[in-house]
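Just so you know, all these numbers are worked out from the coordinates, no wet-lab data involved. In this text the structure is predicted, and so the values were computed from the model without any measurement. Backbone-built Cβ (ideal geometry, glycine too); neighbour counts: all protein chains shown.
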Amino acid sequence: MLNTVAVLVVQVLGRLRVWHDDREVDAGPPARRLMLGVLALNAGRLTTRRELIESLWGDRPPSSAVNVLHTHTRHLRRLLDPAHSPRDQGGVLATVGDGYLLRLPDSALDLLRFRRSVAAARQAESHGDPARAAALFREALRLWEDDDPLCDVPALDGHPKVWGLKVERSRARLSYWDLMLRAGNAAEIVATLAVQGAANPLDEAVQATLIRAYQATGQRTLAFERYEATRLVLADELGVEPGGELERAYRQLLQEQESRGTPRVPQQLPAPVPDFTGRAGELALLDSAAARRAPGIVAICGTAGVGKTALAVHWAHRNRALFPDGRVHLDLRGDDAGHALSPHEALGRLLTAAGVPDQDIPAEAQARAALWRTETDGRRLLVLLDNAASAEQVRPLLPGTHDTLMVITSRDRLAALVALHGAHRVELDLLPPAEAAHLLRRLLGEQAGDDPGSVDDLAAICARLPLALRLAAEYAGAQAHLPLAGVVTRLYRAGPLELLDGGGGAAIRHVFGCSYRLLDPAAQHLFRLLSLNPAAHSTVACAAALSGLDELGAARLLHRLASAHLLRCDALGRYGFHDLLCAYAAELSLAVDGEADRQAAVDRLLEHYCTTAVSASDTLYPGWSGSRRHAGLALTPGDVTLSPEAALAWLDGELAAFGTICQFAVRWGRPERAVALAAALHRYLEAGHGTEALPIYECAVEATRALRDVRGEAHLRTNTGVVLRLLGRYGPAAEELTEALELCRRVGNRHGQARSLSNLGIIEERLGEFASSAARHRAAVALYRDIDDPFGQAAALTNLGNLEESIGEHAEAARHLLAAHDVFAALGERSGQAIALCNLGQIHSTLGEDTLAVARLRAALSLFREIDHRDGEATALSNLGAALGRQGESEESLRHLEQALAIFRSTGHRYGEASVLNGIGETLRAMGRDGEAARRHRLALAIAAETGDEDERGRAAAALESLGPG
């Protein structure tokens, strides 16, 4: 094999950095970095030991100075040339007489590359090739970072060679700038020159070059301002008048002014908003758009009150220097229905701002647009068009070139402007929580005090909408006698719309109303009805249900509302509005929509949730659809046909909303809908969503009692018991299941009895009550067989097989599990198939049939992942990890077990967590990591003691005893 030698690169033009290939290496402590910096500055020339000692210690070196230099030298040789011995006095860092020589090729040191390029540039210039000279100077200057040479080695700041290198860079810059100006390329360097001019106010050469660049780019006003500012600084700081080069640049400026006259420069920007806060990302987008020039159009879009104009004005003031020919502001009044400026009127005002006399402004709109394009050609103007109604209002106002930058604010998304004219869209959203709180603290001043909680609460009440935040701060200031917590309490009680609606154009209802009144009646109607949905978001299907439209019609209206920024659409295609807009829509609905209309919308929404939940569950758990008929559940699937992927996506997407919808159904006098929704979800919820399931079932059980629905109560309490069992809360689970069993017996519900018995049997198995557990399972199997429920029978056989496996009756367990698997397969029930396969794999592992066990477990894992059964996936991973461990695949075993542990912890499955912790402990012990193993077994023991799980408690205790003390 060939040994490759890393390519060494050393950088001093900025920070001191050392690279081997593309990997940066640490140059060591400060003293060693200083020594390397001095050697690099002298690259190719001898650096005496005296020079190094003076650089390190000045005129008071320690007695050990020479030894310290030797030590640093060895380390530097190892750093720069690791292939050679650090005691080798040749190589990259050679010892020559009483000093050292850093021998680097030009390509290895940026300083040498810089000097080589500068020399080549000067030669090209002397040979009459200014284009090549400029390119070489540009290449040389790109080697520099923004900082001074060796800027992170402060001890070298005053070193003569560092100062000399700064002078070399300054001369190269001036030569490059002069070449660019002579070539007519001033626009490419004016921004860089402006930065350098600000950083070097006393450098007359830089200032003169900047003035010439401003003049060449038509920014004459800035050129005059720069000369005057420099003249004053020279007088104040040095007591001198401008020198010859600066005076020559000024005379050239005066001569051009006399020949061309001074154009009118409009200055129309509104005053910036005080205490402007945040928006760093959006400001950066505006900076980037302005730097690119083309296409010269930026659209700032967002909902009412979000701060679009404030952002535009703040950015415009911050970047005044970019627009020497003026700043124009025009309010297009697009948020005021019926009073928006027409393009004809807007063009007249823009032409007046550009200095066109009234008598020269054409009467026709098309002629005005042509003249506007002529007037803006070659002028670097900023035109801020505020409150645009639509792209159609703006398009006639666009200039013909990219010299003028158009910044447009609108509540509309201005899609046509983006699509047809390439406008850069900056979407403005609510302030992030930290920025909203920061703005409030700035506005409230001392009133914010040491009460960050109330500041955060106030920001939340205002939905982090900048306008609302400012109005809230004003309201708080008017209630200065109250602590901020008291102001928050008042806003909570009265509602922010009421207390922040002080009238005038800044009132919350007014700004929302301007957007609302621009909508057509159908969009207004949907906007109002969406406030009835208690969920955090509405899908297209939800909107269709609320409005009574088909999904295509609802989607069109949602798009219209989102384009008007009255709704937000997330990455999953779900729509929602912030709390203040929701409150406004709810107010409108109460005032405009009749009670019958509202109730009908609610009924359609609840029907959508219930029937879609049934359809999704039937799709994912096909065996359950027959079983639920035996349970006597009156559940109706929807008309929609869902693929398994779509069904799971819908359930996952709405999971957070189900509990809210159940409570909402009860509040609206539809408790039967809460019962139906909770009943339809139980197979999905028991697959790893126990925490979310409990409040859903609690609400639904209360609804069954209000309806005096004993059968429904029994079913839902069984569901509750199942979830509590999965969460490791065996005591409460047994209580729920026992109560459910009694209710089922009271009404003669044999299906419900079988479910309760089977789940009680699982708990008794966990608690070590094997005989009672077996009797429960066999009774459940018999009941399911009597009512001809194959799905229930297969589920009970699975539970019986699990018990038999745990007490060593492996043959019977395998027979029952295979029978259950075949029934599930015939029903198309992938969840049941996967559970049976997983448990069969466990039996094969126990019997030492590890190859067959791994095959069964991998098949189970694949099925669980297909249906996103999180607890099942974790169980399969845990069993697979144990089987692989017995095959000696310890690392792979541990990886599977750790994945299982993470899932069990995320779903709150306490038995699973204890079991997999014991499995991890056993694998770690096999790897010889006894200390880590004992720690995992102790955690398992604590969980099993808490839940009462005898299997895992005994397993952990036995492992800890065999590991011994410590």
Checklist outcome for this item: The set of residues whose placed amide H lies less than 5 Å from the amide H of I297, leaving out same-chain residues fewer than 5 positions away, is M406, H424
Checklist entry - So who's got an amide H within less than 5 Å of the one on L384, skipping anything under 5 residues away but keeping other chains? H placed 1.01 Å off N, in plane. => result V328, H329, L330, V407
Checklist outcome for this item: Computed over the chain, the relative contact order (Cα-Cα under 8 Å, seq sep at least six) in percent reads 5
Checklist entry - Going by alpha carbons, how many degrees (0 to 90, nearest 10) lie between the helix axis of 220-237 and the longest principal axis of the chain? => result 70
Checklist entry - What's the angle, to the nearest 10 degrees (0 to 90), between helix 508-517's Cα axis and the longest principal axis of the chain? => result 80
Checklist entry - How would you rank T277, T409, going from fewest to most other Cβ atoms within 10 Å of each one's own Cβ? => result T277, T409
Checklist outcome for this item: For the chain, shape from the Cα gyration tensor axes a ≥ b ≥ c, cut at a/c of 1.5 then a/b versus b/c, turns out oblate
Checklist outcome for this item: Inter-part gap, Cα centre of the range 837-899 to Cα centre of the range 52-76, in whole angstrom, is 63
Checklist entry - Relative to the longest principal Cα axis of the chain, at what angle does helix 830-846 sit, 0 to 90 degrees, rounded to 10? => result 80
Checklist entry - Over the range 604-832, what is the mean sequence separation of C-alpha contacts under 8 Å (at least six apart), divided by residue count, expressed as relative contact order in percent? => result 17
Next on the checklist: I'd like the Karplus ³J(HN,Hα) series for the range 166-175: coefficients 6.51, -1.76, 1.60, θ = phi - 60°, whole numbers in Hz, and an x wherever there's a Gly or Pro.
Outcome noted: 4, 5, 4, 5, 4, 5, 5, 4, 4, 5
Checklist entry - If you add up the charges near D106, with Lys and Arg at +1 and Asp and Glu at -1, over every other residue whose beta carbon is less than 12 angstrom from its beta carbon, what do you get? => result +3
Item to check | Simple label model, 7 Å out from Cα along Cβ direction - E742 to L143, nm | outcome: 9.0
Checklist entry - In the chain, what % of DSSP beta bridges are antiparallel (nearest 5)? => result 40
Next on the checklist: Which one, L443, L458, G495, is farthest towards the positive end of the dipole of the range 433-508 when Lys and Arg carry +1 and Asp and Glu -1 on their Cβ?
Outcome noted: G495
Checklist entry - What translational D, rounded to a whole number of µm²/s, comes out for the range 1-183 from Stokes-Einstein when the hydrodynamic radius is the Kirkwood one over Cα pairs, at 37 °C and 0.692 mPa s? => result 186
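For the range 377-443, take the convex hull of the Cα atoms, compute a quarter of its surface area, and give me that in nm², please.
On the way: hull surface 24.2 nm².
Quarter of the Cα hull surface area: 6.0 nm².
Report the per residue volume, in Å³, of the convex hull enclosing the C-alpha atoms of the range 1-74. Spell out each step's value before the answer.
Working: hull volume 9.0 nm³, N = 74.
Taking only Cα atoms, the range 1-74 has a hull volume of 122 Å³ per residue.
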Item to check | Karplus (6.51, -1.76, 1.60) ³J(HN,Hα), θ = phi - 60°, over the range 35-44, in Hz, Gly and Pro reported as x | outcome: 4, 5, x, 5, 4, 5, 4, 9, 3, x
Checklist entry - So how far, in whole Å, is the C-alpha centre of the range 686-705 from the one of the range 585-653? => result 17
Checklist outcome for this item: Between the residues H159, L341, V25, the Cα farthest towards the positive end of the dipole of the chain, that dipole coming from +1 and -1 charges on the beta-carbon of Lys, Arg, Asp and Glu, is from H159
Next on the checklist: Just to check I understand the Karplus step: with θ = phi - 60° and J = 6.51 cos²θ - 1.76 cosθ + 1.60, what whole-Hz values come out for the range 607-622, glycine and proline as x?
Outcome noted: 4, 4, 4, 5, 5, 5, 4, 5, 4, 5, 5, 4, 5, 6, 10, x
Item to check | Cα principal axis extents for the range 280-428, largest first, Å | outcome: 44, 36, 26
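Based on alpha-carbon positions alone, could you give the equivalent ellipsoid semi-axes of the range 519-593 from the gyration tensor, as √(5λ), descending, whole Å? Present the calculation step by step, with values, prior to reporting the outcome.
Working: eigenvalues 53, 39, 27 Å².
Computed over the range 519-593, the values are 16, 14, 12 Å.
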Item to check | Cα Rg, Dmax (largest Cα-Cα span) when computed across the range 433-508, Å | outcome: 11.0, 33
Next on the checklist: How are the alpha carbon pair distances in the range 765-875 distributed across 5 Å bins from zero to the largest one, expressed in percent?
Outcome noted: 2, 14, 21, 24, 21, 13, 5, 0
Item to check | Order of C610, C569 under a 10 Å beta carbon neighbour criterion, fewest first | outcome: C569, C610
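In Å, what Kirkwood hydrodynamic radius results for the range 834-963 from the alpha-carbon pair distances? Intermediate values should be presented prior to the final figure.
Working: mean 1/r = 0.0698 Å⁻¹.
Roughly 14.3 Å, rounded to one decimal.
Report the far tail of the P(r) of the range 686-827, meaning the percent of Cα-Cα pairs longer than 25 Å.
When all Cα pairs of the range 686-827 are counted, 27 percent exceed 25 Å.
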Item to check | Sequence-distant residues sharing a close amide H with L8 (under 5 Å, placed H) | outcome: D21
